[in-house]
Each structure stands twice: as structure tokens, then as C-alpha cells.
Amino acid sequence: MIVNRRAFLQQAGLGALQLGLVGYLAQSSWAEPLKAGQLPRSLPEAQGVSSHGILDFVNAIEASKLNLHSLMVLRHGQVLAEGWWAPYAPHLKHTLYSLSKSFTSTAIGLAVDEGRLSIEDKVLSFFPKDTPATISGNLEKMRVKDLLTMSTGHAKDSTPSLREAGDSNWVRSFLALPVEHEPGTFFVYNSGATYMLSAIIQKITGMTLLEYLSPRLFKPLGIEGADWEVDPNGIHTGGWGLRVKTEDIARFGQMYLQKGMWKGKRILSEKWVIDATSKQVNSKGGSARADDNDWQQGYGYQFWRCRHDAVRGDGAYGQYCIIMPKQNMVIAITSETGNMGAVLDEVWKHLLPAVKSEQLSADRSAQNELKQRLSKLALPLAAGKAVSEKLAGVNGKRFSIAENALHVSQVSLSFQPDSCIFSITDDKGQHQVESGIGSWKEGYTDLSTLPLKLVLTPVPGEKRTKLAASGGWINDSTFEMTWRFIETAHYETVTCRFEGEGITVAFRRSLAILGNTKDARPILKGKLI
């Protein structure tokens, strides 16, 4: 039996490092039963990674206030460390922003593998009814490969033009844009190019991007519940808008690390994986050999090259799938950070040196410290006290709101010892958000569909958005709430100030806080009814 197991592992390509795992894990307090479909778990040292290094990374991230939401570290296909900053949690999806691009690229790879298209195909050939009256030479030359490598020839990102053109046909709007440079010669980050890849998939298959990927990628990898934003005509946005769980990001990265294989089955051709993750073009910003910049190492097919011969898909505000072939590692991260480069710097500073070529001796103290640290990760609750001198005078009272652009007519706050229900009435009806006091209170809100626009890009068709809220009295006249939209990267700060018989309600997006800018929405002003 042992001989057969060893032979099986060796046949699967696993070396001596993994062969000693059985006895090691039997002594591990982390060796808890896996849930159905979960990736296998291991202690860091069993896979040649120092627990101290992972702990140093987490501590550095928090000391720098980089606002991570989740972290998962894999080596040799085993999860060594995982953590979610409450109220984020393992079962929740998370907006990927441009990390979505790597999934869209994969759909093109699958279609190429199936013989449905070639990357040398001209973009115009897919959309004969949407071509402009006058076709420039550069537009005529544009290939699928140029979409993949962000070298379409456009001088700037086409996405704003698609969204603001006033034409619901984004394909037509894209093809109508001037192409200032010869395709294949000029790199510019261009989410509209990725949208066109999604449109091509829908054109040649008759399926949306999500429908096409589901049986070919998501189901084999065990990714469930994914959703994706769409354009006005039901074409998935491609370059942004996918939501999956952190472990799903890790699965995706592990499949690429395994050169397209998953549980012994071929998902994606090895050639596509190699081409997609290799440098196809120089990325904008200078020499591809800039040693201190992970955005100047070159670009593949919707993947960035990194320092240390790594590769990544990434998205705005710090969504990462980092693939490290030399170390046989994958790192999945979600966040809302204003400094994406700093997160990668901490990976190279702490996680990379923690990786050794051989299995390490068990370090029970460090392992326990890491386990405790990861189990207690949390984003800050709303600051403030549970009570105020104003509480009795405003509790449950209604305030009439002066005319405003948000069409809000009335608000009220109803307090319990451990929570507050904020009610707001507008031309669509009444809406409520319940905030915990000294804790997070999870629930749903439909405010994202109203003029408040709390969630910048809600998934079309969703009438409610998940959130976790907390609140506190930051002084005797001001109750402030934090509303975290826990399947996005973002949150709102809602500040209610009471003075005499009046109230003001101010909303501020986390993006405004990150950018130190003013929120464009008006401050609501009201009087006690």
C-alpha cells in the first residue's frame, strides 16, 4: 500500500517534499476535515514555507494599512494559509475588477483549442454589420491577438468611450473609434479590448462568456455561483465585473500553474498557458527590465509578467492571482488598497524568502501564532460609543428632508442596545439598513439601485446587495455608520449629525476616502417632524 501510494505520488510528479506529508499532517491541528470540493490544506513547513514569513507578510500588510480583504497562499497545490478580514468571509464572492480579464483570455484560449477561431483572425471579420462606413487601415489590421495583448493601436483606453457614447451597441462604438497606431506596435491598457473578446466569444458560440466558461472551466474547477456584469445588450463586460470567491481565484491560478491540467484532466492546452503567461509585448511605462516595477515586466494575453519570473492577473484596488512557477506557488488576494504596488512589494519581501527547497522542521509555536493571527483578522468597526445624550431625543423620530437630487424625503434612526436601523424614504419607497453597534450586522439593501448609487457597478438584475454594517456615536451629536458591501471591494461612510431639531446626512464612498476627494452627492438636510 505504501509502495503504491509513493509510486502514485511520484507518477503524479510530486517529489520528496510532498511524500512526507501523511505523518506530518496527522500531527497537525490544522488538518481539519475538508468540505466537499475544497482544495487540500497543509501546514506551511510541510511544504517548505516558513510560518514566520507568512506571519511577517500579514503583519506588514496591516502595519501599512493596505486594506486586504482576503489572502490564500498555496504551494504544491496545498493551501498553507488563508484568512479573511471580517466582515469578509470564505463563502462570499468578491468583485475582481480587471482580474476578470485573465478569465476572458482563458475563454479565447478554450475557443482556439476547439478550433473556433485563431488569434490571427481580424476583429472586423466577426462583426460585419457593425463596421463603420469608413474603415481605416489600422482598424482593418486589428487582430484578436492585438485585443489580447492590449496593443490594438488606440492611443487611450476605449472603455469610457463605450460607456459614454450614448449607443447601446458597444461593439459598434468600439469599431468607430480612431485607431491612431498600427496594431501590435503600441501598448495601452484597454479594458474595451477585453470587452471585444467577450463579444467575439458570444458571436462565435451563441453563448455568453459566462455560459461558455461554465462547463469548460468553472464546473471542472469547482467554481460555483460566479456572476458577471453585462453591457446594455447582454454581452458580458469581459474586462471587469466578474465575481467569484477567493478560493476560486486560487483554483484558477493553480490550473495555470499546472499548465492547464486539473485533477488529471486537460482543461486548457499547455501551449495556450505558456503563450498567455509569457511576455508578448513590452508594457507601458519604460523598459521591460525595470527591476523595481511589476508593471514594466511585459504583458501576455491579459496577464502581467512580474519580477522574480512570476506572472499575475490583477484588478483595481488590489485583486490578485499571483502565479510563481519557480516556487510552485499561487497567491490569491482581494482588497481595497490605494497602493497595489506596495502589496506586491510585501509579497516579494516576506513570502518569497520564506520559501525553501526542502520540507522544514515543524515549528509549532510559529504555526499556532499564524493560525491565531489568521483566525482573528478584521477590518475596523465603525468608531464611537454605543450611547449618547442625543439618543433618547432622536430614537425612532422621523425627519423630513429638504428637496434634493437624490429624491430622499424622510429619514429616521431607531436604536436598540446592540443595533441601529437607519430608514430612508425616497420616490421608490422606504429602505432600511441595520448596523450593529460594536459588531457587524449582515443583511441586504436595495439602495444600490436608487439615486444614492452606493455600489458603483451592481450586477444587472440584482435588486439587493449584500452588506455588513456597524455604527457608533463619534460624539454626542454625531452617529456614524460604515456600510461594507461585502461582495465588492468598497464601503460607504454615512454620517448623521443632530443639532437642535435638525439633521444632516452625509454619504462618502471609500473611493473618495482613498483618493482624498469630495463625494459628489449632496448632504441631506432635514427637520424633526
(request) Output the residues belonging to segment 243-287 that are among the polar types (S, T, N, Q) and part of a loop (DSSP other than H, G, I, E, B). (result) GLN258, SER269, SER278, GLN280, ASN282, SER283, SER287
(message) Criterion first (outside any loop (DSSP other than H, G, I, E, B), open to solvent by 50 Å² or more (accessible area, probe 1.4 Å) and modelled with pLDDT under 95) does ARG163 satisfy it?
(response) yes
(message) So ALA383 ticks every box in (1) touching a Gly at 6+ places or on another chain (Cβ under 6 Å); (2) surrounded by 15 or more Cβ atoms within 10 Å (Cβ to Cβ); (3) of a type outside the set (Ser, Thr, Tyr); (4) within 28 Å of ILE474 (Cα to Cα) but one. Which box is left unticked?
(response) (2)
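Residue-by-condition table, conditions (1) touching a helix residue (DSSP H, G or I) at 6+ places or on another chain (Cβ under 6 Å); (2) farther than 30 Å from THR185 by Cα:
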site: GLU224; (1), (2): no, yes
site: ILE235; (1), (2): yes, no
site: LYS245; (1), (2): no, yes
site: GLN254; (1), (2): no, yes
site: MET261; (1), (2): no, yes
site: ASP275; (1), (2): no, no
site: LYS279; (1), (2): no, no
site: ASP292; (1), (2): no, no
site: CYS306; (1), (2): no, no
(request) Answer yes if at least one residue in segment 322-340 is open to solvent by 20 Å² or more (accessible area, probe 1.4 Å) and under 27 Å from PHE186 (Cβ atoms), and no otherwise. (result) yes
(request) Within segment 349-370, work out how many residues are surrounded by 17 or more Cβ atoms within 10 Å (Cβ to Cβ) and either part of a loop (DSSP other than H, G, I, E, B) or under 26 Å from the mean Cα position of the chain (by Cα) (or both). (result) 8
(message) Tell me yes or no: at least one residue of segment 398-417 is within 15 Å of THR504 (Cβ to Cβ), open to solvent by less than 20 Å² (accessible area, probe 1.4 Å), part of a strand (DSSP E or B) and polar (S, T, N, Q).
(response) yes
(request) Take the residues in segment 88-114 that are within 16 Å of the chain's Cα centre (by Cα) and in a helix (DSSP H, G or I), then tell me which one is farthest from ALA489 (Cα to Cα). (result) THR104
(request) Starting from residues that are assigned to a loop (DSSP other than H, G, I, E, B) and in contact (Cβ under 8 Å) with a residue 40 or more places away in the chain, keep the ones in segment 301-318 and report whichever is surrounded by the most Cβ atoms within 10 Å (Cβ to Cβ). (result) GLN302
(request) Please find, within segment 472-529, the residue that is surrounded by the most Cβ atoms within 10 Å (Cβ to Cβ) out of those that are among the basic types (Lys, Arg), over 18 Å from GLY443 (Cα atoms) and at pLDDT 95 or above. (result) ARG497
(message) Restricting to segment 34-52, count the residues that are open to solvent by 10 Å² or more (accessible area, probe 1.4 Å) and assigned to a helix (DSSP H, G or I).
(response) 1
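The values are calculated or read from the model by the stated rules, or taken from the named source; none is laboratory data. Here the structure is a predicted model, which is why all the values come from computation and not from measurement. Counting neighbours? That spans all protein chains shown, and the Cβs are built from the backbone with ideal geometry, glycine included. Calculation scope for accessible area: heavy atoms of the full protein, side chains included, ligands and nucleic acids excluded. Shrake-Rupley method; radii C 1.70, N 1.55, O 1.52, S 1.80 Å.
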